[in-house]
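S.K.: One structure, pasted below without further comment.
The values are calculated or read from the model by the stated rules, or taken from the named source; none is laboratory data. On a predicted model such as this, the values are computed, not experimentally measured, just so you know. Positions of Cβ are backbone-derived with ideal geometry, glycine not excepted, and every protein chain shown enters the neighbour counts.
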């Protein structure tokens, strides 16, 4: 199973434990309300990917490092991949790179 974080996203079926986690895009909270990712890792082996439209500025480099750091906390994540579309940042290039990963 592969999970890709981008505009081209696949969300796997949630387990019973994961189904109670509110992952709404508009959810906000204080740092003390956040939970450690290791509590929602699951047990099935998965691959994760971050497809970035343009990964060359400082903010994107920070978010990539955060993504990779959090993914390393889940022992069931067997592969972490990253791609960006370069300076053109086209959606077609994003989809092309993700589809090659299958």
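S.K.: Checking residue 73 against (1) surrounded by fewer than 11 Cβ atoms within 10 Å (Cβ to Cβ); (2) touching a helix residue (DSSP H, G or I) at 6+ places or on another chain (Cβ under 9 Å), which single condition isn't satisfied?
M.R.: Unmet condition: (1).
S.K.: Would you please list the contacts, defined by Cβ atoms under 8 Å and residues six or more apart or on different chains, that run from a residue in the range 54-68 that is at positive phi and in contact (Cβ under 8 Å) with a residue 12 or more places away in the chain to a residue that is surrounded by 15 or more Cβ atoms within 10 Å (Cβ to Cβ) and part of a helix (DSSP H, G or I)?
M.R.: Qualifying pairs under 8 Å: none.
S.K.: For residue 62, all conditions in the list (1) at pLDDT 85 or above; (2) touching a strand residue (DSSP E or B) at 6+ places or on another chain (Cβ under 8 Å) hold save one; what is the number of the exception?
M.R.: Failed condition: (2).
S.K.: Tell me which residues, restricted to the range 35-85, are within 24 Å of residue 99 (Cβ to Cβ), in a helix (DSSP H, G or I) and over 11 Å from the mean Cα position of the chain (by Cα).
M.R.: Of everything in the range 35-85, just one residue is within 24 Å of residue 99 (Cβ to Cβ), in a helix (DSSP H, G or I) and over 11 Å from the mean Cα position of the chain (by Cα), namely 60.
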